[in-house]
């Protein structure tokens, strides 16, 4: 636990030094201003889950990938592997700190949007517990997928095309949640499940929607946790050791 906390502290320091917090907060503020001008309080039930899927979730994928790639390039990751720090602790630190950053962005975006809207209209507060569960779930999911992808590459130029392709697929579920194409096959996309949970913070979901959102999200997080750990061991640890 002491090693994990120390690693998390170091990760946050590096993230601040690399301007991830400044970038994330800046994007969240801009998005909040844009949403308050382009949407109405009645549309938040549709817009907020979709924005979390498209913007905040995608930023987590980019953050975790860039952090690990940076540490591979600097040799920091090699030192971590030969140190007493466990691989699981290294990965957990990345997942917690970067999901925390994404959550902070989400709070600023959602809170800022509601605050700006409240000056001209009545804004209904969603179920915050359910909303945060969905936000954290999609952040962790994106972080795990980012780890599975990035451990296979050494240069950002090699990674950009596959990352972009995966990101497009993961975000394609926005069509379902905006009501543009309500094909049930879109719910097979991994990010659709936590997005459904976030939607439940604003509207009453049916029993099957809750079952789908909770069970599919849980299964994905368990499966991706195992996959990301094994990928890290195969493509990083075994190559160093």
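Structure summary
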{"item": "Two-site label geometry, residue 204 and residue 17: point separation in nm, points 7 Å out along Cα→Cβ", "result": "5.3 nm"}
{"item": "Stretch gain in nm, segment residue 62-residue 34, where the contour uses 0.36 nm per residue and the Cα spacing is subtracted", "result": "7.9 nm"}
{"item": "Candidates 129, 177, 159, ranked by Gaussian network fluctuation over the chain, Cα under 10 Å, top entry", "result": "129"}
{"item": "Span from the segment 183-227 Cα centroid across to the segment 30-85 one, whole angstrom", "result": "19 Å"}
{"item": "48, 25, 130, 16 arranged by Cβ crowding within 10 Å, fewest neighbours leading", "result": "16, 25, 130, 48"}
{"item": "Label point distance in nm, residue 186-residue 6, each placed 7 Å from Cα along Cα→Cβ", "result": "4.8 nm"}
{"item": "Using a Förster distance of 30 Å, the FRET efficiency for residue 73-residue 127 (Cβ separation, nearest 0.05)", "result": "0.10"}
{"item": "Pairwise label distance in nanometres, residue 218 with residue 43, each label 7 Å out on the Cα-Cβ vector", "result": "3.6 nm"}
{"item": "Full-stretch length increase - residue 235, residue 27 - with 0.36 nm per residue and alpha-carbon distance subtracted", "result": "71.6 nm"}
{"item": "Helical contribution to [θ] at 222 nm, DSSP H n ≥ 4, -39,500 (n - 2.57), averaged over the chain, rounded to 500", "result": "-24500 deg cm²/dmol"}
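Each value in this text was obtained by applying a stated rule to the coordinates, not by laboratory testing. Nothing here was measured: the structure is a model prediction, and the numbers come from that model. Here the Cβ is made from the backbone with ideal geometry for all residues, glycine too, and neighbour counts use every protein chain on show.
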